[in-house]
1. Would you be able to say whether some residue in segment 89-102 is in a strand (DSSP E or B), in contact (Cβ under 8 Å) with a residue 60 or more places away in the chain and within 20 Å of residue 197 (Cβ to Cβ)?
2. Which condition from (1) on the phi < 0 side of the Ramachandran plot; (2) of a type outside the set (S, T, N, Q); (3) crowded, with 18+ Cβ neighbours inside 10 Å is the one that residue 203 breaks?
3. So, residue 198, is that one farther than 24 Å from residue 11 by Cβ and among the β-branched types (Val, Ile, Thr) or not?
4. Restricted to segment 77-88, and to residues that are more than 15 Å from the chain's Cα centre (by Cα) and part of a strand (DSSP E or B), which residue is surrounded by the fewest Cβ atoms within 10 Å (Cβ to Cβ)?
5. Anything in segment 131-143 that is buried (at least 21 other Cβ atoms within 10 Å of the Cβ) and within 19 Å of residue 103 (Cβ to Cβ)? List them, or say none.
6. Can you tell which of 217, 189, 175, 171 is buried (at least 21 other Cβ atoms within 10 Å of the Cβ), more than 23 Å from residue 11 (Cα to Cα) and either more than 22 Å from the chain's Cα centre (by Cα) or touching a residue at least 24 places away in the same chain (Cβ under 8 Å) (or both)?
7. Residues that are touching a strand residue (DSSP E or B) at 6+ places or on another chain (Cβ under 7 Å), aliphatic (A, V, I, L, M) and surrounded by 11 or more Cβ atoms within 10 Å (Cβ to Cβ), at least 2 per element: which strands (runs of 3 or more DSSP E) completely within segment 1-64 meet that?
8. Looking at segment 154-168, which of the residues that are under 22 Å from residue 262 (Cβ atoms) and not hydrophobic (A, V, I, L, M, F, W, C) is surrounded by the most Cβ atoms within 10 Å (Cβ to Cβ)?
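Every number here is computed from the coordinates shown, using simple stated rules; none is lab data. Everything quoted here is computed from the prediction, not taken from an experiment. A quick note on method: Cβ atoms are made from the backbone with ideal geometry, for glycine too, and the neighbour counts reach across all protein chains shown.
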Amino acid sequence: MGKKVWVDLTHPFSAEIPRWPYFDKPVIDSKHSMAKGGVLTQYIGCTMHTGTHCDAPRHVMEREFDGRRARYTHEMAVDAYTGTAVCLDLTFVKRWELITDKHLDQACKNMGIDPESDYLKDKVLCLCTGMHRKFDDSKEYYHYSCGTGREAGIWFVKHGVKCVAMDMQALDHPLHTAMGNNGMTRMNLLGASGRPITEEYIEEFGKESYARFDKELFIETFGQEKYDELYGPLEAIGCWGTWEPCHKTMLGHGIVGVENLGGDLDKVCGKKDFEFFCFPLRWYMGDGSMARCVARIDEDDINDVPERTYLYCGTGAQDREQFGFDDYQKFDASLI
């Protein structure tokens, strides 16, 4: 056994950090400067769901499944986001794919974990899909990320995990969020083609596959009875079933979540039984909080990968040759 080392799993924070499509830009200002006051004191104003951060139940729901008022940040246990961890390697999941119980079962089997056992009970579950490498102010990271939904949420509850930390833009697939046809804003954002991402998804995966993200279309396609069977428990506690169902299924059962996990996540991808530390602010009536996430793991167990170097600070200033992506075809300038 080697010595224990610390691995940072947090994206760096700055005023230019990538942020969710309708979030405000962080404001960072100096209240005192070294030249004038002999000290440096800075002011920060931003949405707490910026960068690597925690979600509390109250963020997405009024009531939890036990019928009681959804809990705020200060009502969660001090170690709610911290504990013995397992990092599932889900890098086999395809671009824009919905992560289901089948993917999670397979990731467990690949690590020698029996998905029917109680091995994951009370553990922190980290999901490594590879999206953390694409963290930037880009459609690729926000619009076209893979992501979880109802089936994954139920799987987390079934296995009794205490926290799920994901390297994606949210605890739900983009089309389960307001980026698609859900939520009060229902942005239905334009994709790379200039058409709404909902239309792009239907073109790529088919109307029936898309229907699971859209309440009205689901009922039209499969009927009210089928909708009630799948999303009835969420609707029963006042939740819009197709709007962030993984968030609500998890959080409504007391399983907290972390979004935008990053940093050197590749060093612990596919590893188990390491320590995961994450502490949100002790914020009274908070809905979530930015946090520092780190792993503590035996140095002999770390994956032999280079340390993460951040090139962009959210401005799109990635390496011009690679741009952070491996799955793009090279542009043929002769076509102009």
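1. Yes: one or more hits.
2. (3)
3. The answer is yes for residue 198.
4. Filtering segment 77-88 for residues that are more than 15 Å from the chain's Cα centre (by Cα) and part of a strand (DSSP E or B), the one surrounded by the fewest Cβ atoms within 10 Å (Cβ to Cβ) comes out as 84.
5. Those that are buried (at least 21 other Cβ atoms within 10 Å of the Cβ) and within 19 Å of residue 103 (Cβ to Cβ): 131, 132, 134.
6. Result of the check over 217, 189, 175, 171: 175.
7. Ranges flagged: 4-8.
8. So the residue we want is 167.
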